[in-house]
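Q: Would you mind keeping the following structure in view while I ask a few things?
The values are calculated or read from the model by the stated rules, or taken from the named source; none is laboratory data. The structure displayed is predicted, hence computed values, not measured ones. Here the Cβ is made from the backbone with ideal geometry for all residues, glycine too, and neighbour counts use every protein chain on show.
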Amino acid sequence: MGLLLGLILAGGHGLLGLLPLENGLHGLLLLLLWVLLTGGLHLDGLADSCDGLFAAVPPARRLAILKDVHVGAFGVMGLVLVLGLKAAALAALAKTPAGWMALLLAPVWGRWMLVWAAERFPYARAEASLGGTMRTGLSPRQTALATGTALLLQLAGTLLAPGAVFMLIGPGMGLLLARWAARRLGGGLTGDVYGALCEVTETVVLVAAAGVFG
């Protein structure tokens, strides 16, 4: 799924590059395409996770906040920061030769982070949910396949442009965030947190790429 999304985004980046667009508009249109393709599913998880994880309450109360359909102050700030950073990074990469590479690798690493976190940490809720169902269907073999695919694509990108190695900061940040989130929730994660990890990993990959190639 991450590779398919990356290929579509890289293709969209190439097509937009043929038009006489300002970098900012190029970046915003790419971000719009990204949100439309994913339905904003993981953005919802990001907002809920920010509200729950940053709340100064016990883990059980944080889990209750994660289920609340209303978006609080932390959720709004998280959405603004992630979408703003993505838009800025995409604008910086608009006219760079390596822009397509960042657009390919960002969703690949984002989905890898989601799979790894779901397989690595126990589910924090006892009741059935979409995130729990996804975790039940995962196996170590699938995680290994996702890891191998992401690493091979990263290696290919790094061979083409050595600076691409800095995109590994994205999954590295995701790993640290996953461990922190699990501690905040009493040892496990939820579907909302999976989505937040995906969004943050994608964003850091793009920002790292923009810093190197932009």
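Q: Please state which one of Leu9, Leu5 is within 19 Å of Met101 (Cα to Cα), in contact (Cβ under 8 Å) with a residue 24 or more places away in the chain and under 13 Å from the mean Cα position of the chain (by Cα).
A: None of the other options fit; the residue is Leu5.
Q: Can you confirm whether Ala94 is assigned to a helix (DSSP H, G or I) and either closer than 18 Å to Thr203 by Cβ or touching a residue at least 40 places away in the same chain (Cβ under 8 Å) (or both)?
A: The answer is no for Ala94.
Q: Across the range 22-75, what is the number of residues that are β-branched (Val, Ile, Thr) and in a helix (DSSP H, G or I)?
A: 3
Per-residue answers, yes or no, for (1) of a type outside the set (Val, Ile, Thr); (2) farther than 20 Å from Leu189 by Cβ; (3) surrounded by fewer than 13 Cβ atoms within 10 Å (Cβ to Cβ):
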| position | (1), (2), (3) |
| --- | --- |
| Thr38 | no, no, no |
| Ala47 | yes, no, no |
| His70 | yes, yes, yes |
| Gly78 | yes, no, no |
| Gly84 | yes, yes, yes |
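Q: Moving to a separate point now. Out of all the residues in the range 151-173, is one or more modelled with pLDDT of 95 or more, farther than 17 Å from Leu103 by Cα and not hydroxyl-bearing (Ser, Thr, Tyr)?
A: The answer is yes, given that some residue of the range 151-173 is modelled with pLDDT of 95 or more, farther than 17 Å from Leu103 by Cα and not hydroxyl-bearing (Ser, Thr, Tyr).
Q: Restricting to the range 79-124, name every residue that is farther than 25 Å from His13 by Cα and either under 13 Å from the mean Cα position of the chain (by Cα) or among the polar types (S, T, N, Q) (or both).
A: Answer for the range 79-124, where residues must be farther than 25 Å from His13 by Cα and either under 13 Å from the mean Cα position of the chain (by Cα) or among the polar types (S, T, N, Q) (or both): Val115, Trp116, Ala117.
Q: Would you call Gly24 more than 22 Å from Met173 (Cα to Cα), surrounded by fewer than 16 Cβ atoms within 10 Å (Cβ to Cβ) and modelled with pLDDT of 95 or more?
A: Yes.
Q: Now for a separate question. Quick one: in the range 50-61, which of the residues that are in contact with a Phe, Trp or Tyr (Cβ under 9 Å, 6 or more places away or on another chain) and either in contact (Cβ under 8 Å) with a residue 60 or more places away in the chain or not aliphatic (A, V, I, L, M) (or both) is surrounded by the most Cβ atoms within 10 Å (Cβ to Cβ)?
A: From the range 50-61, those in contact with a Phe, Trp or Tyr (Cβ under 9 Å, 6 or more places away or on another chain) are 50-55; that's our starting set.
Pick out the ones that are also either in contact (Cβ under 8 Å) with a residue 60 or more places away in the chain or not aliphatic (A, V, I, L, M) (or both) and you get 50-54.
Details: Cys50: 23, Asp51: 23, Gly52: 28, Leu53: 21, Phe54: 16.
Top of the filtered list is Gly52.
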